[in-house]
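Visitor: Okay, handing you the structure first.
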Amino acid sequence: MKVLAVGTGTAVPAEGRSQSCFMFEKDGRKILVDVGMGTLLRLNQLNVDVAEIEAVLLTHNHLDHNGDLLGILKARWLSGVGEKLQIFGPKGTRYHVESLLESYPYLRNKLRFEIQEDLKEFEIAGFEVKSIPTFHSIKSNAYLVDEVLISGDTKPFRELFEIECDLLIHELSLPFGYETQDHTTPESLKKQLEFTKIERIVLTHLYPQTLEVKNEILSFLSDVGSEIRIANDGDVLVV
Ligand SMILES: [Zn+2]
Ligand SMILES: [Zn+2]
């Protein structure tokens, strides 16, 4: 399995970072977790044809995680892709996409997709997927895709860090000193790291003020047992 960091950015621009998207590939089959704005352009830069994507797993319906969904569907329509894009997301995903189509009626009956909401376990494109509800300002899921766990937006919580897997891709939105129940800070992350046996952790979704102190963050986290690094767009995290 290959995991590619397509976009490691947030809702606020930072140099070289497109909004959230990770691609999982196995035996030539590809799925995306989140499709924030910039995904369509980034996939093209990374030589990934949107026609080849079988499914999109949405962690939640915030714009920096789903903003390119209609763009991807439209590109597939105009490229003559016959297969339906399989979309998985938390409860409310179908309503969200339907609402967008109310605003773009010309796309209705053109875009080819199927939505499944709130599935706890499913198989798609040869991947075994489990969804785990997270703590964010709206309904959100983390996904365990085979042996790789991806948090989406959340505060860090023990149940997630106790899952056995090869790699955890976790958000780190905010820098030191923030009190938040919706996102992760270096302090809240470090507290949960004592419960984990996951050896490799890759951090993503750092807001610009967090990126500014990334070296301080990495040294603050350097005494935990896991290997920790910060993802950049285009990184291959698992070969
Ligand atoms: Zn969010
Ligand atoms: Zn976000």
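Visitor: Enumerate by residue number the GluC sites (Glu not before Pro) in region 56-144 meeting two conditions: DSSP loop (anything except H, G, I, E, B), and at most 14 other Cβ atoms within 10 Å of the site's Cβ.
Guide: Filter output for region 56-144: E83.
Visitor: Please name whichever of L221, T185, V56 sits farthest to the positive end of the charge dipole of the chain, dipole taken about the Cα centre and charges placed at Cβ: Lys and Arg +1, Asp and Glu -1.
Guide: It is V56.
Visitor: Now a separate question. Treating the angle as unsigned and between 0 and 90°, give the value, to the nearest 10°, between the Cα long axis of helix 93-103 and the longest Cα principal axis of the chain.
Guide: 50
Visitor: Given a cut-off of 26 Å, name the pairs among K2/K120; K30/K74; K91/K190; K120/K155; K120/K197; K84/K120 whose C-alpha atoms lie farther apart than that in the structure shown.
Guide: Distance filter (> 26 Å) returns K91/K190.
Visitor: Hey, what do the phi angles of region 15-24 turn into as Karplus ³J(HN,Hα) couplings, whole Hz, using 6.51/-1.76/1.60 and θ = phi - 60°, x for Gly and Pro?
Guide: The phi angles translate into 3, x, 10, 7, 5, 3, 6, 10, 9, 10 Hz.
Visitor: Now, a different point. Defining a contact as two alpha carbons under 8 Å apart and six or more residues distant in sequence, what relative contact order in percent does region 2-238 show?
Guide: Over region 2-238, the number comes to 19 percent.
Visitor: Taking the Cα centre of the chain as the origin and placing charges on Cβ (Lys, Arg +1; Asp, Glu -1), which of L149, L73, Y104 is farthest toward the positive end of the dipole?
Guide: It is Y104.
Visitor: With a/c under 1.5 counting as rounded, go ahead and sort region 51-111 into rounded, prolate or oblate using the C-alpha gyration tensor (a ≥ b ≥ c being the square roots of the eigenvalues; past the cut-off, prolate if a/b is larger than b/c, else oblate).
Guide: Taking the square roots of the gyration eigenvalues as a ≥ b ≥ c, region 51-111 is oblate.
Visitor: To the nearest 20 debye, what charge dipole does the chain have about its Cα centre, counting +1 at the Cβ of each Lys and Arg and -1 at the Cβ of each Asp and Glu?
Guide: Rounded to the nearest 20 debye, it is 640 debye.
Visitor: Which of the GluC sites (Glu not before Pro) across region 149-183 are loop residues per DSSP, with 16 or fewer other Cβ within 10 Å?
Guide: Answer by residue number: E162, E164, E179.
Visitor: I've got another one for you. Once the other residues with Cβ under 12 Å from the Cβ of G82 are scored (Lys, Arg +1; Asp, Glu -1), what is the net sum?
Guide: That works out to +2.
Readers should treat all values here as calculations from the given coordinates under stated rules, not as data from a laboratory. Just so it is clear, the model here is predicted, and its values are computed rather than measured. Please note: Cβ atoms are built from the backbone with ideal geometry, for glycine as well, and neighbour counts cover all protein chains shown.
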